[in-house]
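Enquirer: Sharing a structure below in structure tokens format, with a few things to ask.
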Amino acid sequence: MASARKTKSKKPSIYTISRELGVSPATVSRALNHHPAASASVRAKVQQIAAKYNYRPRVMRNRAMNLCVLIQQIDGHPLDFDPYLSRCLEGIALYCNHEELEMSLYSTHVNDLNRQDVVRELRRRGADGAIVLRANEDSLYFDPMDEQGFPYYCLLNDDGGRAARLLNIDNESLAQQAAEHLLSLGHRTIGILNNAPHSTAHQSRFRGYRLALEAHGIEIEDRRVVSANPKTDHGDMEFSRRGMQTLRQEAPDTTAVLAMSEGAARGALAWLFENDIRVPEMISVVGFDDFPDTAYTCPSLTTIRIPYVEIGYEGARQVHRLCRALDPLLRQSDRERLNGRLIVRKSTGPARTNV
């Protein structure tokens, strides 16, 4: 009696997928490796069949992992490295150096990002994951990144719906701290210079300012709120010089100013100096950011210190985890450490009494 021969079931391979889809094995390989030569539709079909057979390609890595800093640039600036950006980049570079990873930059306008296949472009540049800077409500490229499982993490801003992929600070409570500091010095007529009123971060800061004043029974007056016009105001310092003049004309009894950024605070200090208005004897000024040379303004600026280097470092760590198929891990103690704090210097003092 002839013995029955058992046929050994073959493991699914790249050839299994190519036969089912009617494409070449090279096309399947490119699609599985997110090569730019494979279109998004082909990649989706290949990944669907691969999932059906539970097929996972062998990972052959002969290079260091590459973390790309994806910088969404602002209008009129094809490449702009302001102090905030530079500090975040320093933190990202420190992490990549410690972990022996490659770091790359991709900087372009939001319109370019929205109309291209972002994942394909990042893969073409050799990126394994992305740290996203300057995202906003106009950023429409996150859904494709999610759909294709590309690792990313946003720093400080997103499109308004990425809480699980966003490392942010509590702008509201920090602005509240700044306003409370001025209130504790006896200031009751506090103006505000908002250089980016459409920014979600600055909207949160304005809420903190409002909450602090309301808690002391102080009504916010429109004449003490000066906001930038993005069509006519270019640069924080240019805006705040004009804004400070407007504030003095519309509300001359103002004894303190909360500027929403370092640049806005510096512009205000410059205008006050040029017009012989002494700080803090005649008016106090508080800012945000606290860059390395902030302590050397004249007078030295009281400000909210935001740890941008540490935030950049932590953002890179989160993307690195995602690249290794690990969930983001950010403890509450980490969030508190990265949140920022008030630094009191010489630009604030007791409110003047001869208002």
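The values are calculated or read from the model by the stated rules, or taken from the named source; none is laboratory data. Here the structure is a predicted model, which is why all the values come from computation and not from measurement. Here Cβ is always computed from backbone atoms with ideal geometry, including for glycine, and neighbour counts include all displayed protein chains.
Enquirer: I want to confirm something. Restricting to the stretch 214-246 and keeping residues that are free of Cβ contacts under 8 Å to residues at least 24 places away in the same chain and assigned to a loop (DSSP other than H, G, I, E, B), which single residue is farthest from ASN157 (Cα to Cα)?
Expert: GLY217
Enquirer: Also, quick follow-up: Quickly run through the stretch 291-316 and pick out the residues that are closer than 20 Å to LEU185 by Cβ, touching a Pro at 6+ places or on another chain (Cβ under 9 Å) and crowded, with 20+ Cβ neighbours inside 10 Å.
Expert: The answer is THR302, and nothing else.
Enquirer: Let me ask another. Would you confirm whether or not the stretch 293-310 contains a residue that is without any contact (Cβ under 8 Å) to a residue 60 or more places away in the chain, in the same structural domain as LEU185 (by TED's automatic domain parsing) and at positive phi?
Expert: no
Enquirer: A further question follows. How many of the residues making up the stretch 289-305 are under 14 Å from LEU156 (Cβ atoms) and at pLDDT 95 or above? Break it down stepwise before answering.
Expert: Taking the stretch 289-305 as the starting set, the residues that turn out to be under 14 Å from LEU156 (Cβ atoms) are 289, 304.
Of the ones still in play, those that are also at pLDDT 95 or above are 304.
Final tally of qualifying residues: 1.
Enquirer: Can you name every residue in the stretch 116-132 that is in a helix (DSSP H, G or I) and either closer than 20 Å to ARG162 by Cβ or among the hydrophobic types (A, V, I, L, M, F, W, C) (or both)? Steps first, answer last, please.
Expert: Step one: of the stretch 116-132, the residues in a helix (DSSP H, G or I) are 118-124.
Within the stretch 116-132, VAL118, VAL119, GLU121, LEU122 meet the criteria.
Enquirer: Given the condition crowded, with 23+ Cβ neighbours inside 10 Å, of a type in the set (Phe, Trp, Tyr) and without any contact (Cβ under 8 Å) to a residue 60 or more places away in the chain, answer yes or no: does some residue in the stretch 256-273 qualify?
Expert: No, that holds for no residue.
Enquirer: If ILE169 satisfies every condition in (1) assigned to a helix (DSSP H, G or I); (2) under 26 Å from ILE92 (Cα atoms); (3) in contact with a Gly (Cβ under 8 Å, 6 or more places away or on another chain) but one, which is the exception?
Expert: Failing condition for ILE169: (1).
Enquirer: How about the stretch 10-36: which of its residues are at pLDDT below 75 and under 31 Å from the mean Cα position of the chain (by Cα)?
Expert: Once the filter is applied, which keeps residues that are at pLDDT below 75 and under 31 Å from the mean Cα position of the chain (by Cα), the stretch 10-36 yields ASN33, HIS34, HIS35, PRO36.
Enquirer: Quick one: which residue in LEU211, LEU258, LEU183, LEU193 is part of a helix (DSSP H, G or I) and either in contact with a strand residue (DSSP E or B) (Cβ under 9 Å, 6 or more places away or on another chain) or of a type in the set (Asp, Glu) (or both)?
Expert: None of the other options fit; the residue is LEU183.
Enquirer: Follow-up question, since we're still on this one. Quick check: anything in the stretch 166-174 at pLDDT 95 or above, surrounded by 20 or more Cβ atoms within 10 Å (Cβ to Cβ) and in contact with a Leu (Cβ under 9 Å, 6 or more places away or on another chain)?
Expert: Yes, some residue in the stretch 166-174 is at pLDDT 95 or above, surrounded by 20 or more Cβ atoms within 10 Å (Cβ to Cβ) and in contact with a Leu (Cβ under 9 Å, 6 or more places away or on another chain).
Enquirer: Next question. Out of ARG124, ARG115, which single residue is more than 30 Å from VAL225 (Cα to Cα), in contact with a His (Cβ under 9 Å, 6 or more places away or on another chain) and modelled with pLDDT under 95?
Expert: Values: ARG115 fails: in contact with a His (Cβ under 9 Å, 6 or more places away or on another chain).
Only one candidate passes the filter, namely ARG124.
Enquirer: Of the conditions (1) in contact with a His (Cβ under 8 Å, 6 or more places away or on another chain); (2) part of a helix (DSSP H, G or I), ALA351 fails just one. Which one is it?
Expert: (2)
Enquirer: Suppose we filter the stretch 121-150 for residues that are crowded, with 22+ Cβ neighbours inside 10 Å and in contact with a Cys (Cβ under 7 Å, 6 or more places away or on another chain); how many remain?
Expert: So the count comes out to 8.
Enquirer: Filter the stretch 63-92 for residues that are among the small types (Gly, Ala, Ser) and either in a strand (DSSP E or B) or more than 16 Å from the chain's Cα centre (by Cα) (or both) and give the result. If you could, list the steps in order and put the result at the bottom.
Expert: If we filter the stretch 63-92 for residues that are among the small types (Gly, Ala, Ser), which is where we start, we get 64, 76, 86, 91.
Residues satisfying the conditions are ALA64, GLY76.
Enquirer: Is the stretch 317-335 home to any residue that is among the aliphatic types (A, V, I, L, M), in contact (Cβ under 8 Å) with a residue 60 or more places away in the chain and more than 24 Å from ALA201 (Cβ to Cβ)?
Expert: No, that holds for no residue.
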